[in-house]
Amino acid sequence: MTKLTGQFRNTVWDPILIISQIIAVQSIFYLTLGVWLITLDFIVGASRSLDHIFKYQEIHGRDGVGKLIIISYLLNSLTGAVSLWCLVQRTKLCLDFSATAHILHLALCWIYNGYFPTTISWWLLNIISAGIMCICGELLCMRTELKAIPLTSTPKVGL
């Protein structure tokens, strides 16, 4: 006899799936950030460097390159939301995965620079980016989860 739990979707603890999703979301995070930076660098004519991704001091609004990096991060948060929609597909997990992506980014930036970030612009940009990624990902996942389930179907022949 089966016990009814009252949940719409059964969740199973699957660490392999979760780790795979984290790796996929993080990979897409850096791949698309790189694509946005290269595209905008090409348009503006700026030089390309890993410093644009990992160095705290590069994020500022004083010149065109700093503004370009800020725009790239914000555009990347939108593509990150799409990756949450495609890979995670659960509204209630979007906050977890967007926070994980940005916490791992913090750790990698810390390793790259050799010290903890102290610039307010870096913190603001990453908090805003994580928020946009989470909220837009939740909206996309919610639209998919709330699609109408057809109640009428054509009768099956030969049953």
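I'd like the full set of residues that are crowded, with 19+ Cβ neighbours inside 10 Å and closer than 24 Å to residue 49 by Cβ, limited to region 71-82.
Narrowing region 71-82 to residues crowded, with 19+ Cβ neighbours inside 10 Å: 72-73, 75-77, 80-81.
Within region 71-82, 72, 73, 75, 76, 77, 80 meet the criteria.
For every residue, the table says whether it meets (1) open to solvent by less than 20 Å² (accessible area, probe 1.4 Å); (2) aromatic (Phe, Trp, Tyr); (3) modelled with pLDDT under 95.
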position: 37; (1), (2), (3): yes, no, yes
position: 44; (1), (2), (3): no, no, yes
position: 47; (1), (2), (3): no, no, yes
position: 54; (1), (2), (3): no, yes, yes
position: 57; (1), (2), (3): no, no, yes
position: 62; (1), (2), (3): no, no, yes
Failed item in (1) at pLDDT 90 or above; (2) open to solvent by less than 60 Å² (accessible area, probe 1.4 Å); (3) of a type in the set (A, V, I, L, M), with residue 23 passing the rest: (2)
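Would you pick out the residues in region 44-88 that are in a loop (DSSP other than H, G, I, E, B) and within 17 Å of residue 27 (Cβ to Cβ)? Break it down stepwise before answering.
Taking region 44-88 and keeping what is in a loop (DSSP other than H, G, I, E, B), we get 45-50, 55, 59-63.
Hit for region 44-88 is 50, nothing else.
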Filter result for residue 66 (among the small types (Gly, Ala, Ser) and open to solvent by 20 Å² or more (accessible area, probe 1.4 Å)): no
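Examine region 118-139 for a residue that is surrounded by 12 or more Cβ atoms within 10 Å (Cβ to Cβ), β-branched (Val, Ile, Thr) and in contact (Cβ under 8 Å) with a residue 60 or more places away in the chain, and state whether such a residue exists.
Residues of region 118-139 that are surrounded by 12 or more Cβ atoms within 10 Å (Cβ to Cβ), as a first pass: 119, 121-126, 128-139.
Among the residues that remain, those that are also β-branched (Val, Ile, Thr) are: 119, 128, 132, 135.
Now narrow it down to the ones that are in contact (Cβ under 8 Å) with a residue 60 or more places away in the chain: 119.
Looking through region 118-139, at least one residue is surrounded by 12 or more Cβ atoms within 10 Å (Cβ to Cβ), β-branched (Val, Ile, Thr) and in contact (Cβ under 8 Å) with a residue 60 or more places away in the chain.
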Counted residues, region 88-106 - those being over 13 Å from residue 132 (Cα atoms), open to solvent by 60 Å² or more (accessible area, probe 1.4 Å) and of a type outside the set (D, E, K, R): 3
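The values are calculated or read from the model by the stated rules, or taken from the named source; none is laboratory data. From a predicted model like this one, the values you see are computed outputs, not experimental measurements. Every residue, glycine among them, receives a Cβ derived from its backbone with ideal geometry; neighbour counts consider all protein chains shown. For accessibility, only protein heavy atoms count, side chains too; no ligands or nucleic acids. Shrake-Rupley method; radii C 1.70, N 1.55, O 1.52, S 1.80 Å.
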